[in-house]
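Here the structure comes first, spelled out in structure tokens, and everything after it is commentary.
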Amino acid sequence: MRPAFSASKPSPSGREKGRRKGAAEQLLADQVLSLRARLHAALGLGLTKSDGHGAKRWQSTDAGIQSHVLKAVAAFVGSLSNEALRLAPVKESISDILLALQGILKTNNVSVLIQAADVSLKFVSSIGNSVCQYPISEMVSSLSCQLSADQLHIAVPCASALTCILNSLVTARASTQAEIWEALEKTNAVASVISALQNYAPDVHPLNYLTEIISLLRSFLWIWPSSRYHAWSNCNLMAKLAQYCLSAETTVAVKILKLYAALALCGNGAMILLKNEELIPKICDLMGKSHPSVTRIEALKLFQVLLRSPRGCNQLMTSHYLPIVQGITNAISEIDEKSLVTEGCRTALLALRYHGNHHRCFWSDSIDEVLYKIIAGSCSSEHQTHQMLCHGELFNKDSKDIVNIDPYVWDILGYLAVHCNNEYLSVRKQKNNFLQALISCACSLATDFVTQKNSSTKFSKEELEPALRAVLMMLLSPSQYIFSEASSKFLKVVLPLGDECMNILLSSIESNVTRNLSGSFDCVKIMNNLMNLACLVIVQSNHSLNKRSVVGVLSTIIKECLHNRLYITRSNIASHLQFCFDGGSCCYLTEEWEGENVILFYGLVVLYNVLRRVSLVCIHCEKNLDGGIVCHDCREYYNEGLIRVLEHALGQNLSPGPKSYIVHILSLFGFCGFPSKFGAKMRSALCDNELVDLELLLADSEPLSVHAAILSVRCPKLLPSEKSLVHDGKTTVEGSRRSLYHVRMSDRVDSNALKKILEYAYTGFVMVDADIVRPVKTLAKYCHLKSLQEVLQREQPRWSSDCPRYDLTAAVEPAEHSFSDIILEAQSNEKMECHHGSCKLSTPHVHSHKIVLSMSCDYLRALFQSGMHERLSF
């Protein structure tokens, strides 16, 4: 009978294995085969199975045999090619070599150790990244035990070999990295390296020992976040590193810059570096033209890490923006050095994400001219370049010259535009030809995608995304010049198409979203269509889009985004953003203003710009309105639909950009402000009459009773100066003396508008109907309630603006007059100096406010209402 069929692949027989091994050996050169035979003959002298079977181990302690094996290893690995490393016989030999080196490195014979260290370095350098294919934890342990400065001939090659191994682990599996880290912890390798750096003496130790130890520590910090604390918390080490960096030795400075970049992957480590007032100027200097390109590149890479967080960017750009901007601009200007230009563009991109004075400095350094020349490539004159950009010859440029750099140019241009004001452009002294050409080029690329007229172009949708995004950011620019230039050039192409283009984009989005609710989405297509639609609705105010249909489609998109069923990040489709740091970050709070899910952000931009156009017609039933965007009969429909979705989104952990647009959209329906849990708790304080200490006297209404402590923090403009406050004497409130202040408001103050302002001050959120928008907006402007004023003015949210936080901590800060009505005193023998008015208490205490404590803490509210005895109360 025939044997039963088996679906599993039969294992090869011994004869088959031998045939394969023989075929592999035939691929090796005769010299390699000869060296391999000598190697295994040597290994046979010391590599045996301890009990005759099982795993092999190195057994020989004879110095002669060890030296003989090391010579054979050196000869064999020196003959291997990259192709040979993939052959099974070679892999078998490498496994045996690892076992031999692990054993020999444990010998006490110094001469053998020196030879073993050199051979180990040659070995790991020869096999490269393939070292991760083998069990190397024992090898790592053996090498890390030989880092002592007492034997420099051993320590230097061992440190180099260890660094070579660790560099190959950057992309290794997490389990492999964890195994190696465990081996390093057992030998206390990080502490040994730190100690070596602290004890380094230039008159005793050679320079290559310092550079190799620095490189090794950098590898530790880059791969394993837990190692960084041992470095940045060691003051002596940080002082030594700064000393080395400040030295004139270029080789050492480059190594230190790489180490700092690894250390700055930890947010705490970055802050330690930023606090060193001598170090940052030195790093700025290393970006200068007087230094080699390799040094400038490493300085730029370090700044890229430091600029990632808003805090780091703010600290650098407040104190050191002039040399940093100059260094970046000089790097970008070196068009013949692509690596330097690339790193300069990356650093500029990170620095320009946030607003600040450094933007003015970039404009002063003619950043538009620098970017223009990158796009222009080899054109020799301004006229030729302008002609090329205007007539589409850009598409015929060699892709090797532009694909890697141009996306950075568009991103930089977008950030420059969205943070630019007319004052920044004034420093260019009307020299805007370069800026005009850049805007023209970006709009040409963007409109090419909109109209699909140049489908044969070699640029993909992923490569066009940065240009399209740059156009959108120019249309959101506070600079009237940039907005008018971009809108006119964009409209020049799309205007002849009328509303057809918008309707096609909306139909494409709708069909893609509704058709794929049960399947996968074409996220790239949806994202690009939303960006195009956003540009069109911004520049075309008189469009005939059906707002009801738009709201329905975008509501679906927002819901899908909030459930993470429709999700894409920029880095998924913009490959130029994937440069960021293969090392793992820790202790960082970083986020892009527009958030990770860019589909959600672009959907909200479209929705806001569609709804904010004043049409005086209900967006749902199209009835005529006196104000607002939805009639009374349709309000409940949106309360249950879109508004509920947006309010739910505000409760999630969103970035400031999406949150700002949601708040602006809700304001169109009358819901104004940034809701918060603490603000909701403070709402009941509006009805509290027991703890009020201030009355606002109105000409057209009854006085409004409020709490001076809350207004002093949330709306201080409603309070006059302390000297002008007039009170009508002491009144008794439940057995205590309380000052009641009176403030007479102007006759022009509308009482209903003031009530809305007070509600916003107390809670951070208020409902404003269309008939009262104007007086509330006027009063909000007077009271410097900028966040409320902006949403009522129907303006675009400012890019990178922060969402206001409900914060009353300023009420307990030292002040001459803080309206404090209770002192919380600690039972302690410690002494403190109080700067609160005329307070003379020396024990630890806090001046606080009963209204704030009672609204935020149920326990304290119960104590105040129970008639507890207050030893000290004002």
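The table below gives the values:
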{"read-out": "Subset of the range 782-794 [open to solvent by 20 Å² or more (accessible area, probe 1.4 Å) and more than 33 Å from the chain's Cα centre (by Cα)]", "value": "Tyr782"}
{"read-out": "Odd one out for Ala242 among (1) open to solvent by less than 20 Å² (accessible area, probe 1.4 Å); (2) out of contact with any helix residue (DSSP H, G or I) (no Cβ under 8 Å at 6 or more places or on another chain)", "value": "(2)"}
{"read-out": "Tally, over the range 536-566, of residues that are over 21 Å from Leu616 (Cβ atoms), part of a helix (DSSP H, G or I) and of a type in the set (D, E, K, R)", "value": "2"}
{"read-out": "Qualifying helices (runs of 4 or more DSSP H) (wholly inside the range 611-709; at least 2 residues being in contact with an Asp or Glu (Cβ under 9 Å, 6 or more places away or on another chain))", "value": "656-668"}
{"read-out": "Long-range neighbours under 6 Å by Cβ, at least six apart or interchain, first residue without any contact (Cβ under 8 Å) to a residue 12 or more places away in the chain and within 15 Å of Cys245 (Cβ to Cβ) within the range 295-306, second of a type outside the set (Ser, Thr, Tyr) and surrounded by fewer than 24 Cβ atoms within 10 Å (Cβ to Cβ)", "value": "none"}
{"read-out": "Hits in the range 419-443 - residues which are modelled with pLDDT under 85 and not charged (D, E, K, R)", "value": "Asn422, Tyr424, Leu425, Ser426, Val427, Gln430, Asn432"}
{"read-out": "Options Gly414, Gly377, Gly392; residue that is open to solvent by less than 70 Å² (accessible area, probe 1.4 Å), in contact with a helix residue (DSSP H, G or I) (Cβ under 8 Å, 6 or more places away or on another chain), over 25 Å from Glu298 (Cα atoms) and modelled with pLDDT of 90 or more", "value": "Gly414"}
{"read-out": "Checklist (1) modelled with pLDDT of 90 or more; (2) under 21 Å from Pro658 (Cβ atoms) applied to Lys755, failing item", "value": "(2)"}
{"read-out": "Hey, Gly595 of a type in the set (Gly, Ala, Ser), in a loop (DSSP other than H, G, I, E, B), open to solvent by less than 20 Å² (accessible area, probe 1.4 Å) and under 30 Å from Ala261 (Cβ atoms) or not", "value": "yes"}
{"read-out": "Residue ID - most open to solvent (accessible area, probe 1.4 Å), chosen from residues in the range 45-96 that are in a loop (DSSP other than H, G, I, E, B) and among the hydroxyl-bearing types (Ser, Thr, Tyr)", "value": "Thr61"}
{"read-out": "From the options Leu545, Leu566, Leu604, Leu589, residue that is over 21 Å from Ile629 (Cβ atoms) and open to solvent by less than 30 Å² (accessible area, probe 1.4 Å)", "value": "Leu566"}
{"read-out": "Residue list for the range 795-813, filter: at pLDDT below 80 and surrounded by 12 or more Cβ atoms within 10 Å (Cβ to Cβ)", "value": "Ala810, Ala811, Val812"}
{"read-out": "Near pairs, Cβ below 9 angstrom, 6+ apart or cross-chain, from the range 160-180 (touching a residue at least 60 places away in the same chain (Cβ under 8 Å)) to any residue that is surrounded by fewer than 18 Cβ atoms within 10 Å (Cβ to Cβ) and of a type in the set (Asp, Glu)", "value": "Val170/Asp582; Thr171/Asp582"}
{"read-out": "Qualifying position, being open to solvent by less than 50 Å² (accessible area, probe 1.4 Å), polar (S, T, N, Q) and out of contact with any helix residue (DSSP H, G or I) (no Cβ under 7 Å at 6 or more places or on another chain), among Ser660, Ser667", "value": "Ser660"}
{"read-out": "Output for the range 670-706, where each listed residue is open to solvent by 50 Å² or more (accessible area, probe 1.4 Å), closer than 23 Å to Ala770 by Cβ and at pLDDT below 85", "value": "Asp700"}
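Results for (1) under 21 Å from the mean Cα position of the chain (by Cα); (2) surrounded by fewer than 24 Cβ atoms within 10 Å (Cβ to Cβ); (3) among the acidic types (Asp, Glu); (4) part of a helix (DSSP H, G or I), shown as yes or no for each residue.
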site	(1), (2), (3), (4)
Val252	no, yes, no, yes
Leu259	yes, no, no, yes
Pro281	no, yes, no, yes
Gly288	no, yes, no, no
His291	no, yes, no, no
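The values are calculated or read from the model by the stated rules, or taken from the named source; none is laboratory data. These numbers were taken from a predicted model, which means no experiment stands behind them. We place every Cβ from the backbone using ideal geometry, glycine too, and count neighbours over all the protein chains shown. The area values use the complete protein model at the heavy-atom level, side chains included, leaving out ligands, DNA and RNA. Shrake-Rupley method; radii C 1.70, N 1.55, O 1.52, S 1.80 Å.
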